Amino acid sequence: MDLTIHATFLPQNDPDAALAFYRDILGFEVRNDVGYGGMRWITVGPPGQPGTSIVLYPPGADPGITDEERRTIAEMMAKGTYGIITLATKDLDGVFDRLQANGAEVVQEPTEQPYGIRDCAFRDPAGNLIRINQTR
């Protein structure tokens, strides 16, 4: 099989804050910005990687979920346990410094993990956990 990851979805509850974080702080390109029914879906991705995207979507937009499920999603987002993504960079310290200087919520400073990876972690404006691995 020849499979690649085309898109992943992360919830956002403030499209403008999400856009500012992913575009202005992480430096991702905006690929799409679509509004429908008072909601907004924003697609971003790393420059030079047009085949890989993150869709920042309004949680609970699926008409098939219940109000109780929407409340659970909101609670998990508030705790930062709903959405997670791992990114990678050759310059972990530089990326960490840039995110920290721009006010991103630090979860973990750059650390050598016992399983052989050096990484750090932040939360985006919606509470999603963003881990960033050091590559060689």
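The values are calculated or read from the model by the stated rules, or taken from the named source; none is laboratory data. Quantities reported herein were computed from a predicted structural model and do not represent experimental measurements. As a convention, Cβ positions derive from the backbone with ideal geometry for all residues, glycine included, and neighbour counts pool all protein chains shown.
Details
- When each of R70, R136 is tested for being assigned to a loop (DSSP other than H, G, I, E, B) and among the basic types (K, R), the lone residue that passes is R136.
- Taken over region 21-41, the criterion of being surrounded by 14 or more Cβ atoms within 10 Å (Cβ to Cβ) and either under 14 Å from L87 (Cα atoms) or touching a residue at least 24 places away in the same chain (Cβ under 8 Å) (or both) is satisfied by F21, Y22, I25, L26, F28, R40.
- Looking across region 19-60, the residues that are in a strand (DSSP E or B), within 18 Å of R131 (Cα to Cα) and among the β-branched types (V, I, T) come down to V44, I54, V55.
- Failed condition for P50, given (1) closer than 17 Å to H6 by Cβ; (2) surrounded by 14 or more Cβ atoms within 10 Å (Cβ to Cβ): (2)
- Within region 75-95, the set of residues being surrounded by fewer than 16 Cβ atoms within 10 Å (Cβ to Cβ), in a helix (DSSP H, G or I) and in contact (Cβ under 8 Å) with a residue 40 or more places away in the chain comprises A78, K79.
- For region 111-122, a tally of residues being under 19 Å from the mean Cα position of the chain (by Cα) and either modelled with pLDDT under 95 or aromatic (F, W, Y) (or both) returns 1.
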